[in-house]
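In what follows, a structure is listed as structure tokens, so that the remarks can point back to it.
The values are calculated or read from the model by the stated rules, or taken from the named source; none is laboratory data. Just so we're clear, the structure is a prediction, and the values are computed from it rather than from any experiment. Note that we place each Cβ from the backbone using ideal geometry, even for glycine, and neighbour counts take in every protein chain shown.
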Amino acid sequence: MHLAALHTPSQIQLNSQGNLKHFLTIDGLSKETLTKILDTAQSFFNEQNQLITLPLLEGRTVMNLFFENSTRTRTTFEAAAKRLSANVLNIDIARSSTSKGETLRDTLWNLEAMAADIFVVRHSSSGAAHFIAQTVCPQVAIINAGDGRHAHPTQAMLDMLTIRSETKKPFEALSVAIIGDIKHSRVARSDVAALQTLGCKDIRVIAPNTLLPYGFDEYGADVRLFNNMEAGIQDCDVIITLRIQNERIDSPALASQAEFYKMYGLNKERLAMAKPDCIVMHPGPMNRGVEIDSSIADGPQAVILNQVTNGIAVRMAVLALSMQGQLQEKGLIEAIAG
Amino acid sequence: MHLAALHTPSQIQLNSQGNLKHFLTIDGLSKETLTKILDTAQSFFNEQNQLITLPLLEGRTVMNLFFENSTRTRTTFEAAAKRLSANVLNIDIARSSTSKGETLRDTLWNLEAMAADIFVVRHSSSGAAHFIAQTVCPQVAIINAGDGRHAHPTQAMLDMLTIRSETKKPFEALSVAIIGDIKHSRVARSDVAALQTLGCKDIRVIAPNTLLPYGFDEYGADVRLFNNMEAGIQDCDVIITLRIQNERIDSPALASQAEFYKMYGLNKERLAMAKPDCIVMHPGPMNRGVEIDSSIADGPQAVILNQVTNGIAVRMAVLALSMQGQLQEKGLIEAIAG
Amino acid sequence: MHLAALHTPSQIQLNSQGNLKHFLTIDGLSKETLTKILDTAQSFFNEQNQLITLPLLEGRTVMNLFFENSTRTRTTFEAAAKRLSANVLNIDIARSSTSKGETLRDTLWNLEAMAADIFVVRHSSSGAAHFIAQTVCPQVAIINAGDGRHAHPTQAMLDMLTIRSETKKPFEALSVAIIGDIKHSRVARSDVAALQTLGCKDIRVIAPNTLLPYGFDEYGADVRLFNNMEAGIQDCDVIITLRIQNERIDSPALASQAEFYKMYGLNKERLAMAKPDCIVMHPGPMNRGVEIDSSIADGPQAVILNQVTNGIAVRMAVLALSMQGQLQEKGLIEAIAG
């Protein structure tokens, strides 16, 4: 069973020609759409493999609406939008809204009326970006920058771009292991959906039972669960280590950092069980000595900083494509360049 | 008696050719000047009625000095300045000034010396922007973004642009009702001044006596007071509902939100007493169910979100015109295009 | 003995052709390098002596990393970078780093991977910018915006530009007095180093013994110490008054503001002992009536606001030159225009 089937297929993120007009979730997007995002992101690197700038969003106003604080993610979107020449406004959304007794709907309508073209939305509630795109501001391109435990689709796409660029193998041929706190990770959820859509046949989820979500055993034949790190990592091409949130430690789910490291920390001995050219990823921020040993984090197989740079390219891509999709929907542009 | 006569006529906001070089207050400005602001703002809309961007402030530095916090107003000025290609700096003015024992004058002179061209000033004290323009930084274009209970002139101009665009009637032919907390509203004060200057002959101020300021009965023959909502609203072309500040509730001035809604809330029955094409305005943020019923706020006669978009256009206009006036005064440009 | 000799010569701030690739400290830089910075800064003024804008950093990303809060200095760098068309991101570095258990190194590597070209670094620890440039992010141009008591090199260069522009005499012919809290001032340290390098032969440091640092008597024959204000100021061309930090008052080092003003405050009588065309400088924010009398601060010999404007020009210069030096080092540009 495909992960997408667990949720309402998000057709609302596509315009009538089937192109993106919002970017809310990986679920329900086709392989072609995901590949187009990856190709667009890739086109933002020059021959020296450096990120370029180009004025695809010149004259456009991008508003960052971070209901939940995340300095890092906000910075990546701000950097991406500015590389496309957009006007970027960081809205202190927590302060500007409910504190004055205004409804959230009215606040968002006000921001839209300030001639906003794109909202980048981060919210602690699952489905918040989806709700805004569907019922509040459908004519603003809504980019989901993380909502609750549900989705973190730009993180998934930067992971996919990194896998594609660094392994140089087709997704169909890859074995990918995801290790750690699957239960609380919007990254894991989005990564599995993207990998499945792109054709990956061997996805291994490695975690203690206490950090596995309900229903993960229904993900389909291409997703296998492992409680044992060594078994799960065997002959992998890609290892994605997840961050252990500090607030999980000393809970019933997780005794201690040391305990987690002993069972699931990625070190040299364990990495040696994967393929020799296996790449190692982490969404950051890293807890060195918990999820991953420093020798691995700083070693030749780590592509963790490539992920960060690819994150800028991917965010540039979804910003530009969603804007194009909105303009196409409104009849303001005719076709979208392949 | 004209409202302007209650204050010192603000000739300091005009340069020696009579063009704006600051934008501090509606009081004392001519019908021609107000009309020029409206025309300039209108010119920033394209044929699809969308706001354009254009580089009238390219290379100029706009500093937002919000001594009093107002996320929304600051955002509108930031959006407006960026649409004109200005470099915008949000100054944490509360922190950068007095905390280090520096005088406000020195702080402002320092900011001016950083090659600032425009200060957007919001302050809780009446006359603050006026003071800065007159005695501290006369060569920086000062834009008043709200000072105490005195003036909020960009709000007044966006209201005038909305009235002009949406009613398509001359101001001389309009009956305009302003409802609510007139006493604490810089919007009401500025709106009345603008309406009078633009020729409106029938201005009705509707409020309980406790929310009326002293001296409002001296505004002139074109301003009438009503304690009774139904009488005041009769055959109006325009209704401006004002926000009830939460801090007024449960005071001697205002018993409760429910009480206010019962007496002065705009609902379908009352709106039906106005002309059939009467437009309904609100400066935001709205208290639905207090000043205005949701059926009206979301209904076909509401032009509340148009006000917001017009607010960007009006702020673009006063930023651009004041900058031009400064350059003209300094002899750096010859004439100002009509 | 030259001040530079007290520290490790900072060759790391030069690329292999001897051009700046970081800007960390005055120490160890040649007269030619300092003169090039001054000439570049001077080139950013037009014939009306106004600061121009030009797109030398178009497409470049400048990140402000202020580990120690300084609204004013951050604003000057933001204004400078925007005048060069850079994309500027103010990073809430205190929040984005250690709070999540990430190492500072990892945080910086992440920011670099977001395609940052320049970091402007302010830190309370001496040597922080140096450390980042040498061992963490050598390929990002690091600009020191003040580190502990060590250096504040852009302040020194704006002081030098002001002295050169306002006295119109060669540095070799000048007598310069620096008055006040030398012990805790990174400005004093950087100013002395810059003056020595530029050829000044008569530098006078005027302070009570409690505000003199250890080792200042080893600065060389061109630096003389004075406890007596009147003796030190005699026939000076330039007086630099330093800010007394509020936290020094009522300490064993300094009895009171009134006491300091009585002994070392710059007033008319004392200024009359300097040359008639002596200029008066202050790094700001000023404590009027403590370091300097208002009649002097607002008088014809004060060039305090010129310093602020020159500060923008100097910051533009070091941003542009360091970026060029990085590109040259990477082989991306051939030569740097004189």
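Descriptive notes on the structure:
- Within the range B:235-251, the residues that satisfy the criterion of being out of contact with any helix residue (DSSP H, G or I) (no Cβ under 7 Å at 6 or more places or on another chain) and surrounded by fewer than 22 Cβ atoms within 10 Å (Cβ to Cβ) are B:Asp235, B:Gln245, B:Asn246, B:Glu247, B:Arg248, B:Asp250, B:Ser251.
- Boolean, B:Ser126 is at pLDDT below 90, closer than 24 Å to C:Met281 by Cα, surrounded by fewer than 24 Cβ atoms within 10 Å (Cβ to Cβ) and outside the structural domain of B:Gly284 (by TED's automatic domain parsing): no
- Residue ID - nearest to the chain's Cα centre (by Cα), chosen from residues in the range A:268-283 that are within 16 Å of A:Leu242 (Cβ to Cβ) and either in a loop (DSSP other than H, G, I, E, B) or modelled with pLDDT under 95 (or both): A:Pro283
- Taking the criterion of being more than 23 Å from B:Lys169 (Cβ to Cβ), over 25 Å from the mean Cα position of the chain (by Cα) and in contact (Cβ under 8 Å) with a residue 12 or more places away in the chain, the residues of the range B:229-253 that qualify are B:Glu230, B:Pro252.
- For the range A:14-29, a residue qualifies if it is more than 16 Å from the chain's Cα centre (by Cα) and polar (S, T, N, Q), and the qualifying residues are A:Asn15, A:Ser16, A:Gln17, A:Asn19.
- In the range B:155-188, the residues that are crowded, with 21+ Cβ neighbours inside 10 Å, of a type in the set (Val, Ile, Thr) and touching a strand residue (DSSP E or B) at 6+ places or on another chain (Cβ under 7 Å): B:Thr162, B:Ile163, B:Val176, B:Ile178, B:Ile179, B:Ile182
- Residue within the range B:192-206 that is within 20 Å of B:Gly311 (Cα to Cα), aliphatic (A, V, I, L, M) and surrounded by fewer than 21 Cβ atoms within 10 Å (Cβ to Cβ) present: yes
- In the range C:105-117, the qualifying residues are those that are among the hydrophobic types (A, V, I, L, M, F, W, C) and touching a residue at least 12 places away in the same chain (Cβ under 8 Å), and the one that is farthest from A:Leu242 (Cα to Cα) is C:Ala116.
- Evaluated against (1) without any contact (Cβ under 8 Å) to a residue 24 or more places away in the chain; (2) under 18 Å from C:Ile143 (Cα atoms); (3) in a loop (DSSP other than H, G, I, E, B); (4) within 13 Å of chain B (Cβ to nearest Cβ), C:Gly18 falls short on exactly one condition, (4).
- Test: A:Asp277 is within 13 Å of chain C (Cβ to nearest Cβ) and surrounded by fewer than 19 Cβ atoms within 10 Å (Cβ to Cβ): no
- Meets criteria (at negative phi, surrounded by fewer than 21 Cβ atoms within 10 Å (Cβ to Cβ) and not assigned by TED's automatic domain parsing to the domain that holds B:Leu34) for B:Leu225: yes
- Qualifying residue in the range B:37-49 (condition: surrounded by fewer than 17 Cβ atoms within 10 Å (Cβ to Cβ), aromatic (Phe, Trp, Tyr) and modelled with pLDDT of 95 or more): yes
- The range A:192-219 residues that are closer than 20 Å to A:Glu259 by Cβ, paired with ones that are among the charged types (D, E, K, R) (beta carbon under 9 Å, 6 or more apart): A:Val205/A:Arg224; A:Ala207/A:Asp181; A:Ala207/A:Lys183; A:Thr210/A:Lys183; A:Leu211/A:Asp181; A:Leu211/A:Lys183; A:Leu211/A:Arg248; A:Leu212/A:Lys183
- Check on B:Met286, part of a loop (DSSP other than H, G, I, E, B) and surrounded by 22 or more Cβ atoms within 10 Å (Cβ to Cβ): yes
- Among the residues of the range C:210-222, the one identified as surrounded by fewer than 13 Cβ atoms within 10 Å (Cβ to Cβ) and aliphatic (A, V, I, L, M) is C:Ala221.
- Some residue of the range C:306-318 being within 19 Å of C:Ala177 (Cα to Cα) and surrounded by fewer than 22 Cβ atoms within 10 Å (Cβ to Cβ): yes
- Which numbered condition A:Ala173 misses (of (1) within 14 Å of chain B (Cβ to nearest Cβ); (2) more than 30 Å from B:Pro283 (Cβ to Cβ)): (1)
- Those residues of the range B:283-305 which are facing another protein chain (nearest Cβ under 9 Å) and either under 23 Å from B:Ile182 (Cβ atoms) or out of contact with any helix residue (DSSP H, G or I) (no Cβ under 6 Å at 6 or more places or on another chain) (or both), in sequence order: B:Gly284, B:Pro285, B:Met286, B:Asn287, B:Arg288, B:Val290, B:Ala297, B:Ile304
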